[in-house]
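Colleague: This is the structure, below, for whatever I ask next.
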Amino acid sequence: MHEDYINIILADDDEDDRLFFCDAFDELKITTRVKTFNDGVYLMDYLNAEDSVFPNILFLDLNMPRKSGLECLKEIKKNDKFKDIAIAIYSTSASEEDIEKTFIMGANIYIKKPNDFKTLKKVLEEVVTINWQYYTNGLNKDNFLLRL
Amino acid sequence: MPSRIFKKSWLIKSIFFISAFVILIIGGTTYKKIEDLSQSSDLLTKTYKTNVELEKIFSHLKDAETGQQGFIITNDPIYLEPYNIGRENINYSFAELKVLGSDNTTLQNNLKELNVLIDKRMWYFEKSFRFSSVGNYNDENFKENFLNGKKTMDTIRGKIKGMIDTGNQLLNKRQEAYESNLKLTPMFLYVVLLLSLMLMFATYSKIISDLKKIKAANEQLEIFKESTKQSEIIGLQGNWIWDIEERTFTYSDNLYRLIGEKPQSFQPTLDNFVNFVHPEDIEKFRKDIDRMMAKNEDLPFIYYRIIQKNGTIKHFKTCAKLHRNLDGKRQLLGITTDITTEIEHFKTLEERNLELERNNKELSAFNYVASHDLQEPLRKIQTFLSRFEDKEAHKLSESGMMYMDRIKNAATRMRMLIDDLLQFSRTNKADKAFELADINILLKNAQQDLAESITDEKAIITSNKFPSIKVIPFQIQQLFSNLISNSLKYKSKDRIPEIRIIYNKAKASDEPIILNPKKPYYHKITITDNGIGFENKYAENIFVLFNRLHGKHEYSGTGIGLSICKKIVENHQGFIFANGKPNVGATFTIYFPYL
């Protein structure tokens, strides 16, 4: 039953961004289940819970109160049971520093939040349809930042 | 030079000893010769005296003979008187001769023989008298005696003549030897004297020339001393000497001045100096100096403070080096420097550095605010606008649509400004590493970034080959990218854009545009386009932040792109110049130091 859906989680403290995110998936013709969390603490509580369903792709905002995206990334990468989750950094900034740091820490892709809705839909479609097994093998610092 | 003179002093010493030796020889030889001369004149006198005495004896004998003959003829006893006196005189002369011949055995032997002969003669006289006194002249015995007397007389004559001859011969021989000796002596003395004079002259000229050298060296030393004094004053330095054998200190005048005292105003002892050392530094200072004095070793740089009598605190730096002079005497030569200003400068510099660091931190905080916090609301405005356009646009009136377009343009422009500003503030070199990069690849990457607009404009870009240069690679790529897009943006409407990028190595002296070159050679890159160009009076303005030559409705842009170029070039210690001709094109010339 799970195979039919792509499980997606977004951790972002910004209500508008969560709204755009969900709207975009609603409009895309892909069967997804989207779950959102308001910050890193809620996200990690969920992931660490006994009965949680691990997402196929986790979208992580970097700048969040209480627990930042970087901290979440660190915890997730430390724990072997999360090893199959593809992690997409989803941030307003695309500073070299952030890109380099998250790449080294093991994130799979870096997405700079687009500034129009059409682009957002295109980006999310692209990311969700990536074959992660194949993609991760050819990953390097240059193609880590998603460019359309 | 002085050391050479000192080393040569053995030469002078040996010349002195040789000269003294020569004078001694001359003295000795002269003494010997004079001795010989006086001996030889003694001999002469003796020989003459001997001859005279011998002649006297003979003449007395003759007188006696004559007297005898007179007596025989006249029988008058008056004629016997010379005979009687003659005998006495002969004895007297004999005594003289004995004294004269005391050192001559031949003469002594001859005298003995002569004495026998004279006695014999006298005996014949006596006998003849005995006969003659009685008038028996015809007596055989008388005749015989008389004849024998004559014969003896002849023998005596021969003997005396022989003796005189022997004496004369000996004298002649001596005289000859002496004369030949006397001939060579003055020659020898003269030569030796000449030789020693020459030596003395050589010594004299050597001493004079050495003296000259020493004088010259002395003058140099004086000058050096004076210049050292001056440089000590200018350089805020003082020097001191620790004499290891004498165990005494010597301080230079300026060392006194450095501690705020009059030159040589107190005894240069360690204790007197320590009195000025800052109480907090005394312990370490003492330890360092004691170690130096105990082990006679070089003093590495030590740092301490002193307090002058008027309360001023000064920072000092001291070091010393072991020195051995020509006589092997060991001294520690020390230099003390007042580094108060240096330390103050250092402190100011440190404070400024801290301030700069603080400023940099503030700037990066601003960067973060700009990149994240400012972009976020803008992004949302834009996203909501796109949602609004998609879903609600058909409900709007014509003017409503126009307002929405204006809002969209304003938002886009704001995004551009924020992006460019961010890029400008990120173009720092402090945290960027220089690496050897293939400039050809960086140019290619820049062209790829702009591939879309290059294709759209059908632009022709040509370039020659670049070497690898030590640069901050992504900044150089950015530089090319900004300049090419600048050329594309300000293209001429009548022509296909053409951009020529030329590299060559340039000699700084051949490039008058570089006012203060820091390197002899530069990498020179010129980027020439055939665009709209610009008035040359704006050539410098175009690099100023937010400076634009055209209205923003004619050409979109933020006025930041070329400022970023300038900043990048300056990060590389390079220069960038622009040159334009309206409606012909623009040329950007970039120089990077050739390392």
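Colleague: Tell me which of B:G561, B:I381, B:L422 sits at the most positive position along the dipole axis of chain B, charges placed on C-beta atoms (Lys, Arg +1; Asp, Glu -1).
Modeller: After comparing all options, I get B:I381.
Colleague: Which whole number gives the average count of other chain Cβ atoms within 10 Å of the Cβ atoms across peptide A:58-64? Don't skip to the answer; put the middle values down first.
Modeller: Numbers: counts 0, 0, 0, 0, 1, 4, 0.
Mean number of neighbouring Cβ atoms from other chains: 1.
Colleague: If you place +1 on the Cβ of every Lys and Arg and -1 on the Cβ of every Asp and Glu, how big does the dipole about the Cα centre of chain A come out, in debye to the nearest 20?
Modeller: Numbers: 19 positive and 28 negative charges, 86 e Å.
About 420 debye.
Colleague: A further question on this structure: Over all distinct alpha-carbon pairs, what is the Kirkwood Rh of the protein assembly as shown in angstrom? Could the numbers behind the result be given before it?
Modeller: Working: mean 1/r = 0.0244 Å⁻¹.
By the Kirkwood definition, the hydrodynamic radius is 41.0 Å.
Colleague: Let me ask something additional. Tell me, in nm to one decimal, what length is gained between B:S364 and B:S59 on full extension, where the rule is 0.36 nm per residue of separation less the Cα-Cα distance? Please report the intermediate quantities before stating the final value.
Modeller: Values: separation 305, 0.36 × 305 = 109.80 nm, distance 15.14 nm.
Extra length from B:S364 to B:S59 when fully extended: 94.7 nm.
Colleague: Report the label-to-label distance for B:N296 and B:Q39 in nanometres (one decimal), using points 7 Å from each Cα along the Cα→Cβ vector.
Modeller: According to this spin-label approximation, the distance is 6.1 nm.
Colleague: I would also like to ask the following. Where does helix B:105-133 land angle-wise versus the long Cα axis of chain B, in degrees 0 to 90, nearest 10?
Modeller: Long axis of B:105-133 versus the principal axis of chain B: about 10 degrees.
Colleague: Right, here's the next one. Projected onto the charge dipole of region B:169-238 (+1 at Lys/Arg Cβ, -1 at Asp/Glu Cβ, origin at the Cα centre), which of B:L184, B:G238, B:L194 gives the Cα projection farthest towards the positive end?
Modeller: With unit charges placed on the Cβ atoms, the residue in question is B:L184.
Colleague: Positive end of the charge dipole of region B:235-338 (Lys, Arg +1 and Asp, Glu -1 on Cβ, about the Cα centre): tell me which of B:T318, B:P263, B:L333 has its Cα farthest that way.
Modeller: B:T318
Colleague: Determine, from the Cβ-Cβ distance of B:K329 and B:E219 and an R0 of 30 Å, the FRET efficiency 1/(1 + (r/R0)^6), rounded to the nearest 0.05. Before the final figure, lay out the partial values.
Modeller: On the way: r = 24 Å, r/R0 = 0.81.
Computed FRET efficiency for B:K329 and B:E219: 0.80.
Colleague: What ³J(HN,Hα) values, in whole Hz, does the Karplus curve 6.51 cos²θ - 1.76 cosθ + 1.60 give for region A:87-101 when θ = phi - 60°, with x put for Gly and Pro?
Modeller: Couplings: 10, 10, 7, 10, 9, 5, 8, 10, 6, 3, 4, 5, 4, 5, 4 Hz.
Colleague: Follow-up question, since we're still on this one. Given an 8 Å cut-off on Cα distances and at least 6 residues of separation, report the relative contact order of region B:432-593 as a percent.
Modeller: Details: 294 pairs, mean separation 36.3, N = 162.
Answer for region B:432-593 is 22 percent.
Colleague: Can you tally the net charge around B:V192? Count Lys and Arg as +1, Asp and Glu as -1, for every other residue whose Cβ sits under 14 Å from the Cβ of B:V192.
Modeller: +2
Colleague: Which order, highest average first, do B:119-130, B:290-301 follow once you tally other Cβ atoms within 10 Å for each residue and take the mean per peptide?
Modeller: Details: B:119-130: 17.5, B:290-301: 13.1.
Output ranking for B:119-130, B:290-301: B:119-130, B:290-301.
Colleague: If one puts a single equal scatterer on every Cα of region A:2-137 and applies the Debye formula without solvent, what log₁₀ I(q)/I(0) results at q = 0.11, 0.16, 0.21 Å⁻¹?
Modeller: Reported log10 I(q)/I(0), two decimals: -0.35, -0.79, -1.49.
Colleague: Can you work out the FRET efficiency for the pair B:I207 and B:Q264, with r the C-beta to C-beta distance and R0 = 30 Å, to the nearest 0.05? Spell out each step's value before the answer.
Modeller: Working: r = 36 Å, r/R0 = 1.19.
The calculated FRET efficiency here is 0.25.
Colleague: Let me spell out the model: positive unit charges on the Cβ of Lys and Arg, negative unit charges on the Cβ of Asp and Glu, origin at the Cα centre of region B:347-426. What dipole size does that give, in debye rounded to 20?
Modeller: Working: 14 positive and 14 negative charges, 33 e Å.
Using only the charged Cβ atoms, the result is roughly 160 debye.
Colleague: Pairing the Cα long axis of helix B:398-426 with the longest principal axis of chain B, what angle in degrees results, from 0 to 90 and rounded to the nearest 10?
Modeller: Around 10 degrees separate the two axes.
Colleague: Shielding of B:375-384 by partners, i.e. mean partner chain Cβ atoms within 10 Å per residue?
Modeller: Counting Cβ atoms of other protein chains within 10 Å of each residue's Cβ and averaging gives 6.
Colleague: Please give the length that would be gained between B:K309 and B:R130 if that part of the chain were fully extended, namely 0.36 nm times their separation in residues minus their C-alpha to C-alpha distance (nm, one decimal). Could the numbers behind the result be given before it?
Modeller: Details: separation 179, 0.36 × 179 = 64.44 nm, distance 13.57 nm.
The B:K309-B:R130 span can extend by a further 50.9 nm.
Colleague: Related question: Step through the residues of region A:123-130 one at a time and calculate ³J(HN,Hα) from phi using the Karplus curve (6.51 cos²θ - 1.76 cosθ + 1.60, θ = phi - 60°), rounding each to whole Hz and writing x for Gly and Pro.
Modeller: Computed from phi, the couplings for region A:123-130 are 4, 5, 4, 4, 5, 5, 8, 5 Hz.
Colleague: While we're here: Going down the table (A:K141/B:K361; A:K122/B:K395; A:K29/A:K77; A:K67/A:K113), which pairs top 29 Å between alpha carbons? Walk me through the numbers before you get to the answer.
Modeller: Numbers: A:K141/B:K361 27 Å; A:K122/B:K395 26 Å; A:K29/A:K77 31 Å; A:K67/A:K113 20 Å.
From A:K141/B:K361; A:K122/B:K395; A:K29/A:K77; A:K67/A:K113, over 29 Å: A:K29/A:K77.
Colleague: Give me the extension gain from A:Y134 to A:N38: residue separation times 0.36 nm, minus the current Cα-Cα distance, reported in nm with one decimal. Display every interim value, and only then the final one.
Modeller: Details: separation 96, 0.36 × 96 = 34.56 nm, distance 3.10 nm.
So the extension gain works out to 31.5 nm.
Colleague: Next question, about the same structure. Could you tell me the calculated FRET efficiency between B:L24 and B:E176, based on Cβ-Cβ distance and R0 = 30 angstrom, to the nearest 0.05?
Modeller: Numbers: r = 30 Å, r/R0 = 0.99.
The pair B:L24/B:E176 has a calculated efficiency of 0.50.
Colleague: Can you give me the orientation-averaged projected area of the convex hull built on the Cα atoms of chain B, in nm²?
Modeller: Numbers: hull surface 249.8 nm².
That works out to 62.4 nm².
Colleague: Then there's this: Give me Rg/Rg_expected for region B:432-593, where Rg uses Cα atoms only and Rg_expected = 2.2 N^0.38 Å with N residues. Don't skip to the end; give the middle numbers.
Modeller: On the way: Rg = 15.2 Å, N = 162, 2.2 N^0.38 = 15.2 Å.
Scaled against compact globular proteins, the figure is 1.00.
Colleague: How far apart, in nanometres, would the label points at B:N138 and B:M401 be if each is projected 7 angstrom from Cα along the Cα-to-Cβ direction?
Modeller: 22.1
Colleague: Here's a follow-up. If you put +1 on each Lys and Arg Cβ and -1 on each Asp and Glu Cβ, how big is the dipole of chain B around its Cα centre, in Debye rounded to 20? Walk me through the numbers before you get to the answer.
Modeller: Numbers: 84 positive and 74 negative charges, 278 e Å.
The calculated dipole for chain B is roughly 1340 debye.
Colleague: Still on this structure: Quickly work out the B:D456-to-A:K78 label distance, labels modelled 7 Å from Cα along the C-beta direction, and quote it in nm with one decimal.
Modeller: 4.9
Colleague: Taking Cα pairs under 8 Å and at least six residues apart, what relative contact order does chain B come out at, in percent?
Modeller: On the way: 684 pairs, mean separation 45.5, N = 595.
Reported as a whole number, the value is 8 percent.
Colleague: Any idea what angle helix B:473-489 forms with the longest principal axis of chain B, computed on alpha-carbon atoms, 0 to 90 degrees, nearest 10?
Modeller: It is inclined by approximately 50 degrees.
Colleague: When Cβ neighbours within 10 Å are restricted to other protein chains, what is their mean count per residue of peptide A:88-95? Numbers along the way, then the final one.
Modeller: Numbers: counts 0, 0, 0, 2, 10, 9, 2, 6.
That average works out to 4.
Colleague: Express the relative contact order of region A:2-137 as a whole percentage, based on alpha carbon pairs under 8 Å and six or more residues apart in sequence. Walk me through the numbers before you get to the answer.
Modeller: Details: 186 pairs, mean separation 31.9, N = 136.
Reported relative contact order: 23 percent.
Colleague: Rounded, prolate or oblate: which fits region B:13-165, taking a ≥ b ≥ c as square roots of the Cα gyration tensor eigenvalues, rounded meaning a/c under 1.5, else prolate when a/b beats b/c? Display every interim value, and only then the final one.
Modeller: Details: a/c = 5.61, a/b = 4.05, b/c = 1.38.
The shape class here is prolate.
Colleague: Among B:K120/B:K159; B:K380/B:K408; B:K309/B:K347; B:K493/B:K524; A:K78/A:K112; B:K317/B:K347, which pairs are too far apart, with a Cα-Cα distance over 20 Å? Don't jump to the answer; show the numbers that get you there.
Modeller: Details: B:K120/B:K159 14 Å; B:K380/B:K408 12 Å; B:K309/B:K347 25 Å; B:K493/B:K524 30 Å; A:K78/A:K112 25 Å; B:K317/B:K347 17 Å.
Violating the 20 Å limit, Cα to Cα: B:K309/B:K347; B:K493/B:K524; A:K78/A:K112.
Colleague: Could I ask something else about it? Rounded to two decimal places and with Rh computed the Kirkwood way over Cα pairs, what is Rg over Rh for region B:235-338? Provide the component values of the computation, followed by the final result.
Modeller: Details: Rg = 13.2 Å, Rh = 13.9 Å.
When Rh is taken as the Kirkwood radius, the ratio is 0.95.
Laboratory data are not the source of any read-out in this text; all were calculated from the coordinates shown. Keep in mind it's a predicted model, so treat the numbers as computed, not measured. Every residue, glycine among them, receives a Cβ derived from its backbone with ideal geometry; neighbour counts consider all protein chains shown.
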